[in-house]
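Written below as structure tokens is the structure these notes are about.
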Amino acid sequence: MSFIKEFSGKYPEHTHKNDPKAEELLSTAKFDARFQMCNQDKACWQNYVDYFRCIKKKGEDYEPCNWFKKQYQALCPGFWTERWDEQREAGAFPAKI
Amino acid sequence: MSYWCQMYFQNGVTFTSMRVQWAFGMYCVVLMLIFVFVMFSVLLCCSGSHQFIYMLTDHNLERIWGTVPLLILVFLSWPSMGLLYVLSELETPLVTVKCIGHQWYWEYEYTDFAVVSYNSYMVPEDELKLGEPRLLTVDKSMVLPFSVWCRILTTSFDVVHSWTVPAFGVKSDAVPGRLSESSVKVEMPGVFWGQCSEICGALHSFMPIRVEVVSAELFSKWLWILQSSVWEG
């Protein structure tokens, strides 16, 4: 039976799970079903845009907007967000916020 | 890491790399069996001891030597198809690391709690300490926790690089303008090495990767120290 499981790529249950102690200490951006492919640049972009749209509409103190902030901060490289911040300040950002 | 006269893969420390190596081993066994069978058949035909001058057609034989290779191919594709989906699977990650390729060093960013990034340069040969491997030693390693799903995002600041760690079974191209995602769950602590795997200029061979895998507690302490002070190595 174990050969068949091995052969068909089915793994024991524990291999899928994180270390329980680590779950108390660490967290990061969650899986986003809108962006399932290997290339996550759209996920980074969309969460960045969604965050600034959210705070513009609801205000900076609106807590649920921080979901988008956590997502884009985890996914986006620093030099991408720095460039987009400069574009927003210059009024040259290529999306409507 | 690799050793002199190595003929096979490095030991896999993630379940995906172990399964890939298992599938490769199985394919080698099938390949050898087919090779031996074909060589035996060729020698048999060349020996002249068997003659089939009275056989004109044999539909059953043709059915057999048409369907048996088909079944062999289906047998070979079964683990491969499973692995194809499993390799791109990302369970609930707890850590995201961005590996940004530069000419000619790697930059690692950990931004889950605060924005922390540092560069990892190869140590030149004349500055190596005794026992440190040449062309692999770096001044600052990347750190990951073990038994934890980690999301590795690779991109590049300039030209195309490739972030590779053979022991993890990961080779992810760092393409400018693209953010390639790989998932890694390292099952044992240790130090693992890799090198840039896409030609990127004069010093392409001199931008190695060193990953230290530690416990989750040590990793979170290290991250806290990193974000609360500037890391001077």
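Since every read-out is calculated from the coordinates, none of them should be taken as a lab result. Please read all numbers here as calculations on a predicted model, not as lab measurements. Ideal geometry is used to build each Cβ from the backbone, glycine not excepted, and the neighbour counts take in all protein chains shown.
Counting alpha carbon pairs within less than 8 Å and at least 6 residues apart, what relative contact order, in whole percent, applies to chain B?
21 percent
Please give the per residue volume of the convex hull enclosing the alpha carbon atoms of the stretch B:84-135, rounded to a whole number of Å³.
164 Å³
Give the dimensionless ratio obtained when the Cα radius of gyration of the stretch B:134-233 is divided by 2.2 N^0.38 Å.
In units of the globular-protein estimate, the stretch B:134-233 measures up at 1.11.
Rg(Cα) of the stretch B:111-182 divided by 2.2 N^0.38 Å?
Numbers: Rg = 14.3 Å, N = 72, 2.2 N^0.38 = 11.2 Å.
The reported ratio for this selection is 1.28.
List every DSSP H helix in chain B whose Cα atoms extend 20 Å or more along the helix's own long axis and whose mean Kyte-Doolittle hydropathy is at least 0.0.
Working: long enough: B:15-47 (48 Å, 1.88); B:59-87 (42 Å, 1.12).
For chain B, where a helix must reach 20 Å along its axis and average at least 0.0, the hits are B:15-47, B:59-87.
What does the convex hull of the alpha-carbon atoms of the stretch B:9-126 project to on average, in nm²?
15.1 nm²
Can you bin every Cα-Cα distance in the protein assembly as shown into 10 Å intervals starting at zero and give me the percent of pairs per bin, rounded to whole numbers?
The calculated distribution, bin by bin, is 5, 21, 28, 20, 12, 7, 5, 2, 1, 0.
Out of all DSSP beta bridges in chain B, what portion is antiparallel? Express it as a percent rounded to 5.
70 percent
Pick from B:85, B:27, B:118: which residue has the top mean-square fluctuation in a GNM of chain B where Cα pairs under 10 Å get a spring?
Maximum fluctuation in the GNM of chain B, among the listed residues, is at B:85.
Can you find, among B:192, B:225, B:103, the residue sitting farthest towards the positive end of the charge dipole of the stretch B:95-232, where Lys and Arg contribute +1 and Asp and Glu -1 at Cβ?
Value: B:192.
Need the full-extension length gain, residue B:62 to residue B:221, defined as separation in residues times 0.36 nm minus the C-alpha distance. One decimal, nm.
Extra length from residue B:62 to residue B:221 when fully extended: 50.5 nm.
Rounded to whole Hz and in sequence order, give me ³J(HN,Hα) for the stretch A:65-75 from the Karplus expression 6.51 cos²θ - 1.76 cosθ + 1.60, θ = phi - 60°, writing x for Gly and Pro.
Running phi through 6.51 cos²θ - 1.76 cosθ + 1.60 with θ = phi - 60° gives 5, 5, 4, 5, 5, 4, 4, 6, 5, 6, 8 Hz.
Once each part is reduced to its C-alpha centroid, what is the distance from the stretch A:57-91 to the stretch B:64-81 in angstrom?
51 Å
Please report, to two decimal places, log10 I(q)/I(0) for the stretch B:161-207 at q = 0.25, 0.32 Å⁻¹ as given by the Debye formula with identical point scatterers on the Cα atoms and no solvent.
-0.98, -1.22
In deg cm²/dmol, rounded to 500, what helix-only [θ] at 222 nm does the protein assembly as shown give when every DSSP H run of at least 4 residues adds -39500 (n - 2.57) and the total is split over its residues?
-13000 deg cm²/dmol, from helical runs alone.
Within 10 Å of each candidate Cβ there may be at most 11 other Cβ atoms; applying that plus a DSSP loop requirement, which GluC sites (Glu not before Pro) in the stretch B:129-233 survive? Spell out each step's value before the answer.
Details: sites: B:181, B:187, B:198, B:212, B:217, B:232; in loops: B:187, B:198, B:232.
In loop regions of the stretch B:129-233 (DSSP not H, G, I, E or B), the sparsely surrounded GluC sites (Glu not before Pro) are B:232.
When you look at the Cβ of every residue in A:69-82, what mean number of other chain Cβ atoms sits within 10 Å?
Across A:69-82, the average partner-chain Cβ count within 10 Å equals 5.
Jot down the per residue volume, in cubic angstrom and as a whole number, of the convex hull over the alpha-carbon atoms of the stretch A:50-96.
Per residue, the Cα convex hull of the stretch A:50-96 comes to 76 Å³.
Looking at the calculated P(r) for chain B, what percent of the C-alpha pair distances fall above 32 Å?
That fraction is 36 percent.
Looking at the stretch B:95-232, send over the antiparallel percent of its DSSP beta bridges, to the nearest 5. Can you show the working numbers first?
Working: 27 of 38 bridges.
Just about 70 percent of them are antiparallel.
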